[in-house]
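Notes to accompany the following structure.
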2 protein chains.
Amino acid sequence: MSEQVLRYLQTNRDNLLEKLANFLKIPSVSTDSNHQQDIEKAANFIVTYLHEIGFDLAEKQPTNNYPLVYAEYNGAGPEAPTVLFYGHYDVQPADPLELWKSDPFQPEVRDGRLYARGASDDKGQVFMHLAVFEAFLKTEGKLPLNVKVCIEGEEEIGSESLYEILHAKKEQFAADFAVISDSGMVAKNQPTILYGLKGFTGLEITVTGPDHDLHSGMYGGAIRNPIMALSHILASMKDKEEVVTVEGFYDGVEPLTDDERAMMANAPSEDFAKAAGVDQTVSEKGYTAVEHTMGRPTFEVNGIFGGYQGEGTKTIIPSTATAKITCRLVPGQDPENVQQLLEDHIMKTAPAGVKVHVEKEKLSAKAYKVEPDHPLIKKAAEAYSKAFQAETVYVRMGGSIPVVEWIQALYGMPIVLLGFGTPEDRLHSPNESFPLDSFDKGMETIVYYWQAVGNQE
Amino acid sequence: MSEQVLRYLQTNRDNLLEKLANFLKIPSVSTDSNHQQDIEKAANFIVTYLHEIGFDLAEKQPTNNYPLVYAEYNGAGPEAPTVLFYGHYDVQPADPLELWKSDPFQPEVRDGRLYARGASDDKGQVFMHLAVFEAFLKTEGKLPLNVKVCIEGEEEIGSESLYEILHAKKEQFAADFAVISDSGMVAKNQPTILYGLKGFTGLEITVTGPDHDLHSGMYGGAIRNPIMALSHILASMKDKEEVVTVEGFYDGVEPLTDDERAMMANAPSEDFAKAAGVDQTVSEKGYTAVEHTMGRPTFEVNGIFGGYQGEGTKTIIPSTATAKITCRLVPGQDPENVQQLLEDHIMKTAPAGVKVHVEKEKLSAKAYKVEPDHPLIKKAAEAYSKAFQAETVYVRMGGSIPVVEWIQALYGMPIVLLGFGTPEDRLHSPNESFPLDSFDKGMETIVYYWQAVGNQE
């Protein structure tokens, strides 16, 4: 029964890839306000697509910032279940540009991979769903279930508008369950059920010393150096054994069960060191790298800057130094509470002679976990296995998808994370890419899944 | 006898200030290779000036980098002493530009101060000497002593070429003594004899973790964060009591005598905290801020950068982090040795999972000290007091002038630091300026000094 749908996807593969390329060419970078028009373009692309293939409703819903693409298909009839499908059309900045082998916004296929910013996160995965919708409608004339499409343009900047609209329009988004394709598999061609995600919080520290850069010869020895002060603060937050030393940080953390540790030990994991090009991995004292990335909270300094960064030497005591910090949280941790613990620690640790300002990340999220044996999860595992011809594994992951927490908290509907990214995709990095065979098998998985959970006639 | 010289300077004050303005308008920034032509322009300005006022010889001497301005006046006759006058025509970068109240290269007088990059360091002070040469030659037709002029264009980038040329052309620079005006007074209108300067060394640390920026959700917990690694390294080099904790750093440091500590306690010192806009000063445990700045070694991080520095949040583990470090040294410390101690400490402290590269600053300098009661020093003190109508104080300072050490080491000639900068000049900072009355009294001091040390007929 699914043959003609799958055949459609195969026969039209080139057109679909070309269409995806056009989608990827739009530099819809949400962290940079100069890309406002590109954001609109990307949203329009999806609306037009859904109209063309026959969705009853497809529109850009205005927000305080970037538009949300909302669409509805009700052709499966009142008896059929309704799925809320979520994805995002915005992408991370492409910098540093000089490290890209090809233009991040001129998609290029090399060695069976499609290289472009957003190829995997998340335009590529969103497009697979659009293509599957097209295949069903162009062959069977209908989808096996009713669909509500929710594709936002602010995922990479915290999904603020989505958060507001989810609260404001509760019935609009009401559905029987949700499907999100913004995650990955533990290895290429290894179908993976993601039953746990990390929460997220962050803040920015700015240390201000002198009100202008000072000559280090005239003032060195009298004035506190803000970079050194910041270094003391940062070094006091995580030790060399990768243990976060902020008081209370681990309070309430749900411990890993022996079963989970066994499962994590057996889960096929990439070679982290090889993928990162380092000589060894490091992880929290008492935990393996896999356990730490999957099931323990993390603390990262994402960026730091202060003083002279140009050619040569400039003998100054700089006026300010800034560090950007984000944490990934596990079940049992409250993001706002963790954020407060971090701020308290920073203020307590700040040395005399400098002023410290902490800018709290506005949006944060709790961690997420589902029961691996939920029927909707089981059917997803079966669809995966059928398409990829391999047994599906169950894992937790270090990533955070705030919307997962919000949908769960607001609507209490089951959420299925149908992810197809691979560890080699280089999300958020130069040379992001997505394997073409994952593109094919991923669409096949989605076809099987809609049929499995949809109306069986 | 000096009346007509002084009168000339007063009568021609406006012309001289306009001429100085033209000198300051040339953005001769040596740390930025884009300013090569401006460097040449600034050198040409001096050569032309010296020709016009009647120097026998004035030329740009080529180097591997920026030209050295060399000139000779031998009109005082074989009986008269010969002075080697040193200064520099290059300036520090002006960034951050947005903090300047007026264009750094469009000199502007506000409240009796001349605002421009280089107004004090060192174009303003160099120009005062040129103007005094002019005044003598235009009125008395001769200078009281023979002069060798040596004005370089690489002081702000380490004076590499000067170092080579001083070694290569020893007899060219041979003189009875040297005068350098590239320093300051402890307070405006407070004549100051600088009898000690600090040495200098530095290095740049680059910590490399993953070979590309990593998604903090996928790799956080497995990969060492280079910014955190760098923070641990930096924090281990100087403690919160401003004591450098690098093993051996203080070995051989010449201790401050009770006399010096008493003199430093009495020396009129600026209010460091007020000048820097901080709520309090900090200094090495056991030493006052004045003692630390004048007579104890210092360690400063001049700049730091790594990871994401743009708008908003980017959840990455960055690939690299870099810090620029310079130290000011005192008598008894060997720069190369200190540099090695720093590198050893850094390598020893570097945590597993990252690579650390140390780039050593090529040029460093030993500290400098002269006997306060040397006759050439005493005559300088008298000239100061006569011009500024105030008693001259004796101090050491935290600044470093490598050329001072080189001239001393190579030629063993006495060196007189005839500085006129004031603590409010904001050297190396936005809104650098120089007080106009220091300009007048400074030139007066130089006139008295040349007459005092020159040929008395």
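The values are calculated or read from the model by the stated rules, or taken from the named source; none is laboratory data. No experiment lies behind these values; they were computed from the predicted model shown. All Cβ positions, glycine included, derive from the backbone under ideal geometry; neighbour counts span all protein chains shown. Heads up: the accessible areas ignore ligands, DNA and RNA and are worked out on the full protein's heavy atoms, side chains in. Shrake-Rupley method; radii C 1.70, N 1.55, O 1.52, S 1.80 Å.
Reducing the range A:226-246 and the range A:319-384 to their Cα centroids gives an inter-centroid distance of 17 Å.
The Kirkwood radius of chain B, taken over pairs of alpha-carbon atoms, gives through the Stokes-Einstein law at 4 °C and 1.567 mPa s a diffusion coefficient of 55 µm² s⁻¹. Shown for residue A:12: label points 7 Å from Cα along the beta-carbon vector, and their distances to the equivalent points in the other copies, 8.7 nm in ascending order. A label point on residue A:355, set 7 Å along the Cα-to-Cβ line, lies at 4.2 nm from each of its counterparts in the other copies, closest listed first. Calculate, for residue B:176 and residue B:4, the FRET efficiency according to 1/(1 + (r/R0)^6) with r their C-beta to C-beta distance and R0 22 Å; round to the nearest 0.05. The computed FRET efficiency comes out at 0.25.
Taken residue by residue and averaged, Cβ atoms of other chains lying within 10 Å of the Cβ of B:294-301 number 6. Rounded to whole Å, the principal axis extents of the Cα atoms in the range A:242-393 read 63, 37, 29, largest first.
Inverting the pair-averaged 1/r between distinct Cα atoms of the protein assembly as shown gives 31.0 Å as its Kirkwood hydrodynamic radius. Amide H contacts of residue B:179: B:84, B:85, B:86, B:416, each under 5 Å away and 5 or more positions distant or on a separate chain (H built 1.01 Å from N in the peptide plane; Pro and chain starts excluded).
The residues of the range B:21-131 expose on average 37 square angstrom of accessible surface per residue, using a 1.4 Å probe on protein heavy atoms.
Over 30 Å between Cα atoms: which of A:19/A:369; A:324/B:198; A:101/A:274; A:240/B:360 fall into that group? Pairs exceeding the cut-off: A:19/A:369; A:324/B:198. Averaged over the residues of peptide B:274-287, the number of Cβ atoms from other protein chains lying within 10 Å of each residue's Cβ is 6. Among the residues of the range B:380-415, none has an accessible-area drop of 30 Å² or more from chain alone to full protein complex, heavy atoms and 1.4 Å probe. Counting only protein heavy atoms and a probe of 1.4 Å, the accessible surface of the range B:402-457 is 47% carbon and sulfur. Among the protein heavy atoms of the range B:182-257, carbon and sulfur supply 51% of the accessible surface, probe 1.4 Å, non-protein parts ignored.
Of all beta bridges that DSSP places with both ends in the range B:35-166, some 65 percent have antiparallel geometry.
Over the whole of B:232-240, what's the average partner chain Cβ count within 10 Å per residue? Rounded to a whole number, please.
Going residue by residue through B:232-240 and averaging, the value is 5.
A point 7 Å from Cα along Cα→Cβ stands in for residue B:259, and the other copies hold the same point at 8.3 nm, listed in rising order. Computed over protein heavy atoms with a 1.4 angstrom probe, the accessible surface ordering of A:170, B:314, A:274, B:285, largest first, is A:274, B:285, A:170, B:314. The GluC sites (Glu not before Pro) of the range A:254-360 meeting both criteria, a DSSP state outside H, G, I, E and B (loop) and at most 16 other C-beta atoms within 10 angstrom of the site's C-beta, are A:311. With solvent modelled as a 1.4 Å probe, how much accessible area in total do chains B and A shield from it at their shared surface, in Å² to the nearest 100? Its buried surface, counting both partners, is about 7900 Å².
Summary of the geometry: the range A:61-111 and the range B:136-163, compared by the centres of their Cα atoms, lie 67 Å apart.
Of all beta bridges that DSSP places with both ends in chain B, some 70 percent have antiparallel geometry. In this calculation the C-beta distance from residue B:251 to residue B:360 is compared with R0 = 30 Å, giving a FRET efficiency of 0.95.
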